[in-house]
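Q: Here it is, the structure in full.
The values are calculated or read from the model by the stated rules, or taken from the named source; none is laboratory data. In this text the structure is predicted, and so the values were computed from the model without any measurement. Positions of Cβ are generated from backbone atoms using ideal geometry, with glycine treated the same way; all protein chains shown enter the neighbour counts.
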Ligand code: GDP
Ligand code: MG
């Protein structure tokens, strides 16, 4: 079995968009409204000279799409039980919101390597934002844009050593 890289983060940060971008095709549902109920979504991707199974955990098995806490709890459970690496995603345009802090707090208990990534850095100017993410305890996030397809190499280079 390949090591599983689980994408974790509060709803709407772009987990499914990142998943589809790295997968190179549209597998996971991208939804402008938070939370979509569906089964486990995963695909094999190449990272450097290795392979791993990328998993989009958001909204998985969640019945009530407005129950954000249940979604986060579920993601953390998947991370604990299945992930080799957690890809923790935040939204650079929103900055730190309380649910990001909650996810960060839970991730510290997971005991798996975390690659911290800030999505929606669509332009260089937006990419300069996000200094406050440091206080979540995972350092300065790697800037990417799933929409503009920016930062893929930097992201994969961060995942490779912890795979
Ligand atoms: P998820 O709930 O974390 O899976 O987030 P989604 O992938 O469903 O995306 C939520 C919203 O953010 C959608 O409207 C996406 O089009 C948008 N989005 C995702 N990635 C980016 C990005 O890199 N830049 C911008 N501007 N929007 C994005
Ligand atoms: Mg999603």
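Q: What are the residue pairs meeting all of these: first residue in segment 133-145, first residue without any contact (Cβ under 8 Å) to a residue 40 or more places away in the chain, second residue within 13 Å of ligand 1 (Cβ to nearest atom), Cβ atoms under 6 Å, and 6 or more apart or on different chains?
A: Sorted first by the residue in segment 133-145, then by its partner, the pairs are 142/117; 142/155; 145/121; 145/122.
Q: Going through 103, 115, 90 one at a time, which residue ends up being assigned to a helix (DSSP H, G or I) and either touching a helix residue (DSSP H, G or I) at 6+ places or on another chain (Cβ under 8 Å) or in contact (Cβ under 8 Å) with a residue 24 or more places away in the chain (or both)? Reasoning before the result, please.
A: Numbers: 115 fails: assigned to a helix (DSSP H, G or I); 90 fails: assigned to a helix (DSSP H, G or I).
None of the others qualify; the one that does is 103.
Q: Can residue 81 be described as out of contact with any strand residue (DSSP E or B) (no Cβ under 8 Å at 6 or more places or on another chain) and either closer than 15 Å to residue 16 by Cβ or at pLDDT below 95 (or both)?
A: Details: out of contact with any strand residue (DSSP E or B) (no Cβ under 8 Å at 6 or more places or on another chain): yes; either closer than 15 Å to residue 16 by Cβ or at pLDDT below 95 (or both): yes.
Here the answer is yes, as residue 81 does meet what is asked.
Q: Another question, if that's okay. Just the residues that are within 10 Å of ligand 2 (Cβ to nearest atom) and in a helix (DSSP H, G or I), please, taken from segment 1-21. Spell out the reasoning first.
A: Within segment 1-21, the subset within 10 Å of ligand 2 (Cβ to nearest atom) is 7, 9, 11-20.
Passing the criteria: 15, 16, 17, 18, 19, 20.
Q: Can you find even one residue in segment 60-68 that is at pLDDT 85 or above, assigned to a strand (DSSP E or B) and within 16 Å of the chain's Cα centre (by Cα)? Show your work before the answer.
A: Narrowing segment 60-68 to residues at pLDDT 85 or above: none.
For segment 60-68, residues at pLDDT 85 or above, assigned to a strand (DSSP E or B) and within 16 Å of the chain's Cα centre (by Cα): absent.
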